[in-house]
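Some notes on the structure that comes next.
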Amino acid sequence: GIDFFRVKGGNQHVYSFHALSDTIAETEGLDNLVAQKDADGNYIGSYAGPDVPFRTEKIASGYSYLRNVDRAANVSGGNFMVDFKITDFRNQLENSGDMHLRMTMLNGFDLNEVAITNGDPPPRDANPETLKYVLARRSGSNLDTLFTTVFEPYEGERYIANIENISNIKHADGSALIDGETVRAVKVTLENGRIDYIVYA
């Protein structure tokens, strides 16, 4: 599945995502993740900031309800991957196996930050204690942002061999290249050799 999520205007755009997962199996492109901890190695604050306590209701954004924050600053090209290890918390499957949901973000711009945090669902029957969230943030002025994300659910072995943005997209008459966030094309190559092109315009 591919998510093209466009936001126009304002000075800060944040893409937030979680899966049915409390465990991140692996990441790529986030080698500079820094844990938001104190000198004793304990997580402090919330996604709203190291000085904003967890569950501070005065923060209108709700960011104080996200804790155990790891931040990667200045993600060049806005490209990264997070692989969620999926858990059948409600025991809906006879055999849950080794299930994953791999999130690959392919943007045409730099990200100011990518954070991985914990968010706690309401304490109801069969709800997990916590879920892992990924938040990708872009800051600037009068922004026009097209977040582009490929989601690959798989069990055991992956079936996607390669994912890439397609550049040099031209207008229908072939005259000029298209700039900005109005068009995006993604090429997905599967392990069986099939190639898919997915276009947003």
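The values are calculated or read from the model by the stated rules, or taken from the named source; none is laboratory data. The structure presented is a predicted model; accordingly, all values stated were derived computationally and were not measured. Every residue, glycine among them, receives a Cβ derived from its backbone with ideal geometry; neighbour counts consider all protein chains shown. Accessible surface areas use protein heavy atoms only, side chains included; no ligands, DNA or RNA. Shrake-Rupley method; radii C 1.70, N 1.55, O 1.52, S 1.80 Å.
Structural remarks
- Phi-derived couplings, Karplus 6.51 cos²θ - 1.76 cosθ + 1.60 at θ = phi - 60°, listed residue by residue for region 30-38: 10, 5, 9, 4, 10, 6, 7, 10, 8 Hz, with x used for Gly and Pro.
- Cα-projected label distance for Lys187 with Asn142, points at 7 Å along beta-carbon direction, nm: 3.5 nm
- Against the compact-protein benchmark of 2.2 N^0.38 Å, the Cα-based radius of gyration of the chain scales to 1.13.
- For Asn127, no residue has an amide H sitting under 5 Å from its own, ignoring neighbours fewer than 5 places away on the same chain, with H placed 1.01 Å from N.
- Put the Cα centre of region 16-49 next to the Cα centre of region 60-121 and the gap is 9 Å.
- Potential extension, Lys37-Asp179 segment - 0.36 nm per residue separation minus Cα distance: 47.1 nm
- By average C-beta atoms within 10 angstrom, highest first, the peptides 138-150, 90-102: 138-150, 90-102
- Taken one residue at a time, the phi angles of region 144-151 give Karplus couplings (6.51, -1.76, 1.60, θ = phi - 60°) of 10, 10, 10, 5, 10, 9, 9, 10 Hz. Gly and Pro are set to x.
- Partner aspartates and glutamates whose Cα lies under 17 Å from the Cα of Lys170, excluding those fewer than 8 positions away in the same chain, are identified as Asp179, Glu181.
- Sequence-distant residues sharing a close amide H with Ala161 (under 5 Å, placed H): Thr189, Leu190, Glu191
- Derived scalar couplings between HN and Hα for region 79-85 equal 9, 7, 9, 10, 10, 8, 7 Hz in order, rounded to whole Hz, by the Karplus curve 6.51 cos²θ - 1.76 cosθ + 1.60 (θ = phi - 60°), x for Gly and Pro.
- Fluctuation leader among Tyr47, Tyr65, Tyr159 - the chain, Gaussian network, Cα springs under 10 angstrom: Tyr159
- Rounded accessible area of Lys37 (nearest 10 Å², 1.4 Å probe): 90 Å²
- Average accessible surface area per residue within the chain, 1.4 Å rolling probe, Å²: 55 Å²
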